[in-house]
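First up is the structure itself, then whatever we jot down about it.
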Amino acid sequence: MKASRKTVTLQAPLHSQEDGGIDRLVALVVEDTPHMAGIICGILKSTGVTRIHQARTGADALHILANYPVHVAIIDDLEPPLDGLAVIREVRTASARLPNALPVILVTTKAEKSAVFAARDAGATEVLSKPFSAAQLITRVKSVLKKPRPFIKSEEFAGPDRRRRTKPVDEKKRNADLQ
């Protein structure tokens, strides 16, 4: 039996400093290591982001998301019981109190394909492996804001569309697939 899919339209994303959007951006940094949280916040501040919420645990992150507007979340792996993937799953599947379609960047020490797939399946919008550069973090943030993917909600999955379309499908290929 095929599960029903529902695409949700996101609000217009905030863009870059050129159009005045980045200074209005509200970010959430969820990192249990104070040093790493400081690095991530410093990188965001260097791009003009001035409103940053910080959380050290998954429970604190969910509290912030339920009570404050946030445009992008950068979430570390975190330690159990509420690790980074559990926080993402809760955001994606929770009640209307949480922003289900929120762009979420998972920062992880795990670079294996299976870890990236697990993050994708949990509903992460992007994955960033440690160690990372400031440019890599900024690129991921701009990517989730400037090119939001449709949000999919079905019985088995809630999160950004897993498919990345960078160019239109060639009409010849499409016709060949139909035959």
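Where a number appears in this text, it was derived from the coordinates with a stated rule and is not lab data. What you are looking at is a predicted structure, and each value in this text was computed from that prediction instead of being measured. Cβ atoms come from the backbone with ideal geometry, glycine included; neighbour counts cover every protein chain shown.
For a footprinting-style exposure proxy, rank Arg51, Arg89 by other Cβ within 10 Å, fewest first.
Placing the least packed residue first, the sequence is Arg51, Arg89.
For q values of 0.09 Å⁻¹, compute log₁₀ I(q)/I(0) with the Debye formula on a Cα-only model of the stretch 16-178, without solvent.
Debye output, listed in q order: -0.30.
Taking every alpha carbon pair in the stretch 57-131, what does the distance histogram look like in 10 angstrom bins from 0, in percent?
21, 58, 20, 2
Going by how many other Cβ atoms sit within 10 Å of their own, how do Glu31, Glu90, Glu156 line up, fewest first?
Glu156, Glu90, Glu31
Calculate, for Ile39 and Glu155, the FRET efficiency according to 1/(1 + (r/R0)^6) with r their C-beta to C-beta distance and R0 41 Å; round to the nearest 0.05.
0.60
Determine the distance separating the Cα centre of the stretch 67-108 from the Cα centre of the stretch 34-49; give it in Å without decimals.
The two parts, judged by their Cα centres, are 18 Å apart.
What fraction of the DSSP beta bridges in the stretch 16-178 is antiparallel, stated in percent and rounded to the nearest 5?
Percent antiparallel among DSSP bridges in the stretch 16-178 is about 15.
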